[in-house]
1. Taking neighbour counts of Cβ atoms within 10 Å as a proxy for exposure, in what order, fewest first, do Tyr140, Tyr161 appear?
2. So what is the relative contact order for segment 191-327, in percent, with contacts set as C-alpha pairs under 8 Å and at least six apart?
3. Sequence-distant or interchain residues sharing an amide H contact under 5 Å with Ser128, placed H: which?
4. What list of ³J(HN,Hα) couplings, whole Hz, do you get for segment 280-294 from phi and the Karplus terms 6.51, -1.76, 1.60, once you set θ to phi - 60° and write x for glycine and proline?
5. For the chain, build the charge dipole from Cβ charges (+1 Lys, Arg; -1 Asp, Glu) around the Cα centre, then report which of Asn141, Leu23, Tyr198 sits farthest towards its positive end.
6. Kindly express, to the nearest 10 degrees and within the range 0 to 90, the angle between helix 23-34's C-alpha long axis and the longest C-alpha principal axis of the chain.
7. Please report Lys190, Lys182 as a ranked list, fewest other C-beta atoms within 10 angstrom at the top and most at the bottom.
8. Of the options Ile166, Val96, Val295, report the single residue whose Cα projects farthest towards the positive end of the charge dipole of the chain (beta-carbon charges: Lys, Arg +1; Asp, Glu -1).
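Just so it is clear, none of the values below were taken in a lab; they were calculated from the coordinates. The shown structure was predicted, so the numbers you read here are calculated from the model rather than taken from an experiment. Methodologically, a virtual Cβ is constructed for each residue, glycine included, from the backbone with ideal geometry; neighbour enumeration extends over all protein chains shown.
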Amino acid sequence: MLKEKLLELREQAIENIGSADGLKALQDVHVRFLGKKGPITEVLKGMGKLSAEERPVVGQLANEVRKMIAAKIEEKKADLEAKLLEMKLESEKIDVTLPGRKTVTGNHHLLGSIIREVEDLFIGLGFSIEEGPEVEQDYYNFEALNLPKDHPARDMQDSFYITDEILMRTHTSPVQAHTLEKHKGVGPVKVICPGKVYRRDNDDATHSHQFMQIEGLYVDHNVRLSDLKGILTVFAKHMFGADREIRLRPSFFPFTEPSVEMDISCFRCGGHGCNVCKGTGWIEILGAGMVHPNVLRMSGFDPSEYTGFAFGMGPERIAMLKYGIEDIRNFYTDDIRFLKQFNRA
Ligand code: DAH
């Protein structure tokens, strides 16, 4: 009887092991057949009732069945574990030959990048950067720059007035006056001043009511026009190519005397004449001059002791010339297709 029972248990166990579809199910089979309260233990407990000849036979068979079930479970366990590992390896497979995902990065705005290039150049020449307010007093925007109230040259720059005495600055030149005041009559003063300026202009391809300027100022003992010419030559070659030449033409600004306009030899045709330089071989880049004695005096510098030069340029114009951009509004309308062409770092 017990013998048949054991053989039946063996069959059942084999079947159960075969159909266990995971480690948990297999563990259940183990507990069910080989656990302390399992059927084999039960059989062994009932052995007391057997005859002396039967006892060792059944005992041996029970041990064999137990061992055999345990072995089958181990075998199945190894099998399941191998399958599991295989599935894991399959699901975590990496195809190292796939192309990488591209991270999309932006680039600096062309205008910012031109300004930084100019800043870097002048920092290398010993200048430092100075900024001033965009909402400015009439005094700094005009009067301190030798443009008294009703001076006709005020008409050169149509202004956005906020009150009679306060306006949006029309140029970065007022930073000259602020900086000179700060130095309390003691040179050297060597700064460049980038920033936004505002004019009452109707926006079109070449005009904008708001644009950028970069001002330069160097005041010290014995600063001469030839120093200005030297610095501007370095600037022109750096921005437009090593074989650029410059020329200075007489001009007028109330805050400089003498005043000049600087041209560079055309970088497109090299000076022979083309549509970029309108056939002249020269391109106008910026206004400059020797700081007017009145400007020095009004901001606390003694013109008999100090002289200086100043210049003012438009980075939009520099960028437009350099890259053949025909509409100034491209700088302000944030069209990514335009901006991403200029990845200059
Ligand atoms: N402020 C002038 C303008 O906006 C540009 C300029 C000309 C600045 C000559 C200067 C200078 O410092 O010396 O038109």
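1. Fewest-to-most ranking of Tyr140, Tyr161: Tyr161, Tyr140.
2. Value for segment 191-327: 26 percent.
3. Those qualifying (amide H under 5 Å, at least 5 residues apart or on another chain) are Lys190, Val191, Ile192.
4. Using θ = phi - 60°, the values come out as 8, x, 10, 10, 6, 10, 7, x, 7, x, 8, 3, 4, x, 4 Hz.
5. Positive-most Cα among the choices belongs to Leu23.
6. 20
7. The most exposed by this proxy come first: Lys182, Lys190.
8. After comparing all options, I get Val96.
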